[in-house]
Every structure is written in structure tokens, then in C-alpha cells.
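Encoded as C-alpha cells, the structure appears first; notes follow it.
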Amino acid sequence: MTMTAGAPVVHARAPGKINVFLKVGAVMEDGYHDLATAYQAVSLFEEVRATPATDFSVEFSGSIDSSGLATGGTNLAIKAARALARKAGFRGGVHLEIEKNVPIAGGMGGGSADAAATLLACDALWGTTATKDELLAIAATLGADVPFSFTGGTAIGTGRGDQLSPALAKGKFQWVLTLADFGMSTPGVYQELDRHRDRHAQDIFPAQHQPSVDANVLQALRAGDPHMLADVLHNDLQAPALHLAPGLGKVLQLGEENGALAGILSGSGPTVAFLVADADSALELQVALSASRLRVVRATGPVHGARLIND
Ligand code: C5P
């Protein structure tokens, strides 16, 4: 904790993610889909600074245009703070300043990272006695990706995506990401997948099918080999997202023509993630995509999950 003009400030940081593998199974009773995914936390971080307040409020800054974001009770960071206050029996509030670096509604878990960092920051600010497991349980009530942003690194997610088991990973993978100038609704992309499956026969996708992560994905992550990983990148949400936003097909093609080992839609999109062999190829691809007037950022992964920062 640091002090600014006499007020304590707690700073926490949490990462965005790329799903290097995502298989979507049947719709479960709670309306969510059964998933099998391999998450990799990447080096785009949300920075949350929490200061004491009597009520709950949030303001945004950072490299991403956040002017359209809700700042009231529907904001996931506010929900996270309120959920922890309830659980801890804390009666005060908090003011949150969030510096955003993960694309908004981009399929990289930016809102989830806000929530994960907020839980950690408020926990420290209020001195709650919550255990890590209790914070993770609150995280899971906030969204399917929030527990992963909390733990970070590389993990397999099942159930809604919130039941995590760590996966071994070596080295650093290099990513080049294109940011769209529009957001996509995650429920909308899942609904498009369901519509497609309803139209195209249960024989392609039997309802009882239990998704699992391909063993080759785990092997590629363990080996730290981008060529191996490029061969097995997979996202079931890519086809429905391309159906809703066909222009993304051209982006994928452009990246693959300019040195990417492979491209994949990140989560429910519209961010496209290109895996490259090394930092030189990342720079070349960044230049080529920028020349086509795409907004491009680079990231590496895996990186750590939510943590407190001593400013
Ligand atoms: O948990 P989160 O708020 O991130 O999920 C957003 C939406 O994505 C859900 O309301 C649901 O429509 C869809 N979803 C799903 N199955 C999952 C994860 C998300 O259907 N496993």
C-alpha cells in the first residue's frame, strides 16, 4: 500500500488472455456452454488503483478508448468490489481507477482482468481475511474468465471455463494482435454457434459430446514450440464470429500472408491473435498489418496472474 495525499492506494495488475484452444460443448442447465479451453495469460495488463471511499465508483484511463464503458453498478469491477465487501462484511466503499490496456469487448478478457485485479486490490485495502480460494470462488460468480485472470500463466479451463487446472508451459510465445474498431457480444457469438448447430444436424455435434483439450496442445505448450502450437490452435467460436463479422476473414488472411505461423480469433473476438516464431517476425508482421491501417499491439505469454504492485 502507498499513500497519495494522505490516502492509502492499493495497486493491483491483472492480465488479458488468449484461448489457444477452445472447444464448445453442449448448453448446460444454467444456460452456459460446457467448455474445454487452454488459456494463456498475455502481457496486456489492466492496472487497478483502489482508494477508500464511502460508496463504489470507477473511472478509466489508458491506451484503450474507454469512453463507452459503463461506470455504474453493471460494471464488472464495481460488481467485484461489492461482492467482496458483502462476503467480508465490509461496510465502506472504494474508488477504483482503472488503466485499460486490454481491448474492450475484444475477446481477451479485459473486463475479467478488471474484476480480478479489483478483488485483489480491495482485499488488500480492506484487510479482509479472505483466502485465495474464497477470492477465486467470488471470481467465478463474476464471469467465466475471471478465475483465470486471477491465476494467470497457462491453464486448462473446463465447465464454464472457470474450473482451472494449471498446465505446464515453457518459454515465451510471441503474439501480434489486431484490434477491431467494433466490439462483439460474447452471448451473441455463442448464440450464433447454437443457431448453426441447430441448422446442421446433431450427427456433426452429438448433444452428449464432452469437449476436451487436444493432447497436442498440451505438448506444444510444454515444449514452448510456436511451430507446434501454430498447428493445433483452435477456436470453435471463430466460425460463428466470422459469420457475424465477415471482414475478420481478410484480417486472418493478411496475417498469414505476412509471416504469421497461424492466426486465431481470440475468445469470442473480434481481436485476432497471430502467433509468430520470434520477436523479429513479430516486428515484421506488426509493420505489415499497420501498413494495412490495422491497429496492432504485440504481447507475449504466458505471464503471471493478478498481483499487487508496489509503486
Ligand atoms: O461469464 P461471462 O459473463 O464472461 O459470459 C458471457 C456470456 O457468454 C454468457 O452470458 C453466455 O451467454 C456465454 N458463455 C457461454 N458459455 C460459457 C461462457 C460464456 O454460453 N462457458
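Full extension of the chain between R86 and R222 gives 45.0 nm of extra length, using 0.36 nm per residue less the Cα-Cα distance.
Rounded to the nearest 20 Debye, what is the dipole magnitude of the chain about its Cα centre when Lys and Arg each give +1 and Asp and Glu each give -1 at the C-beta?
Values: 23 positive and 31 negative charges, 89 e Å.
Using Cβ point charges on Lys, Arg, Asp and Glu, the chain gives about 420 debye.
Taking square-rooted eigenvalues a ≥ b ≥ c of the alpha carbon gyration tensor, is segment 128-196 rounded, prolate or oblate, where a/c under 1.5 means rounded and, failing that, a/b exceeding b/c means prolate?
Judged from the Cα gyration tensor, segment 128-196 comes out oblate (a/c at least 1.5, b/c at or above a/b).
Calculation over all alpha carbon pairs of segment 1-71 in 5 angstrom steps from 0 returns a P(r) of 3, 11, 13, 15, 14, 15, 14, 8, 4, 2, 0 percent.
Ranking L44, A77, V9 by how far each Cα lies toward the positive end of the dipole of segment 6-91 (charges on Cβ) leaves V9 at the top.
What's the extension gain from H304 to D65 if we count 0.36 nm per residue and subtract their Cα-Cα distance? Please report the intermediate quantities before stating the final value.
Values: separation 239, 0.36 × 239 = 86.04 nm, distance 2.49 nm.
In short, 83.5 nm is gained.
Taken one residue at a time, the phi angles of segment 92-106 give Karplus couplings (6.51, -1.76, 1.60, θ = phi - 60°) of x, x, 7, 9, 10, 10, 10, 9, 9, 10, 9, x, 7, 6, x Hz. Gly and Pro are set to x. Scanning residues 5 or more positions from H234 or on other chains, those with amide H under 5 Å from its amide H are F21, L22, with H placed 1.01 Å from N in the peptide plane.
So if I average 1/r over every pair of distinct C-alpha atoms in segment 73-216 and take the inverse, what Kirkwood radius in Å does that give?
Details: mean 1/r = 0.0571 Å⁻¹.
Evaluated over segment 73-216, this radius sits at 17.5 Å.
A simple packing score, the average count of other Cβ atoms within 10 Å per residue, orders the peptides 135-148, 233-246 as 135-148, 233-246, with the highest score first.
Close amide H contacts of A277 (hydrogens built in the peptide plane, cut-off under 5 Å, sequence separation of 5 or more or a different chain): L261.
Taking a ≥ b ≥ c as the square roots of the eigenvalues of the Cα gyration tensor, segment 97-141 is classed as oblate, since a/c reaches at least 1.5 and a/b does not exceed b/c.
If I stretch the segment between E284 and T54 completely, what's the gain in nm (0.36 nm per residue apart, minus their alpha carbon distance), one decimal? Intermediate values should be presented prior to the final figure.
Numbers: separation 230, 0.36 × 230 = 82.80 nm, distance 4.99 nm.
My answer for the length gained is 77.8 nm.
With a ≥ b ≥ c taken as the square roots of the eigenvalues of the C-alpha gyration tensor of segment 201-311, please select rounded if a/c is under 1.5 and otherwise prolate if a/b is larger than b/c or oblate if it is not? Intermediate values should be presented prior to the final figure.
Values: a/c = 1.63, a/b = 1.21, b/c = 1.34.
Because a/c hits 1.5 or more and a/b fails to exceed b/c, segment 201-311 counts as oblate.
Fraction of C-alpha pairs exceeding 36 angstrom in the chain: 17 percent, rounded to a whole number.
Restricting the count to DSSP beta bridges whose residues both fall in the chain, what percent are antiparallel, rounded to a multiple of 5? Could the numbers behind the result be given before it?
Working: 55 of 64 bridges.
If we restrict to bridges inside the chain, about 85 percent are antiparallel.
In order along segment 22-36, phi translates into HN-Hα couplings of 8, 10, 9, x, 6, 6, 8, 4, 7, x, 7, 9, 6, 10, 9 Hz, rounded to whole numbers, per the Karplus curve 6.51 cos²θ - 1.76 cosθ + 1.60 with θ = phi - 60° and x for Gly and Pro.
For segment 12-20, putting each phi into the Karplus relation 6.51 cos²θ - 1.76 cosθ + 1.60 with θ = phi - 60° gives couplings of 10, 10, 9, x, x, 9, 10, 8, 6 Hz, in residue order, rounded to whole numbers and with x for Gly and Pro.
With each label modelled as a point 7 angstrom along the Cα→C-beta vector, the K250-S212 pair spans 4.2 nm.
Taking amide H atoms as placed 1.01 Å from N in the peptide plane, the amide H of G25 lies under 5 Å from those of D34, L35, A36, each 5 or more residues away in sequence or on another chain. The angle between the Cα long axis of helix 110-126 and the longest principal axis of the Cα atoms of the chain comes to about 20 degrees, rounded to the nearest 10.
Summary of the geometry: segment 138-156 and segment 203-281, compared by the centres of their Cα atoms, lie 21 Å apart. Taking the average, over residues, of other Cβ atoms within 10 Å as the packing measure, peptides 107-117, 266-276, 79-89 rank 107-117, 266-276, 79-89 from highest down.
By the beta-carbon count within 10 Å of each Cβ, the least crowded to most crowded order of K17, K170, fewest first, is K170, K17. Put in line by how crowded their Cβ is, counting other Cβ atoms within 10 Å and starting with the fewest, W126, W175 read W126, W175.
Each reported figure results from applying straightforward, stated rules to the coordinates on display, with no laboratory input. Predicted model only: the values in this text are computed from it and were never measured. With ideal geometry, Cβ positions are generated from the backbone for all residues, glycine too; neighbour counts draw on all protein chains shown.
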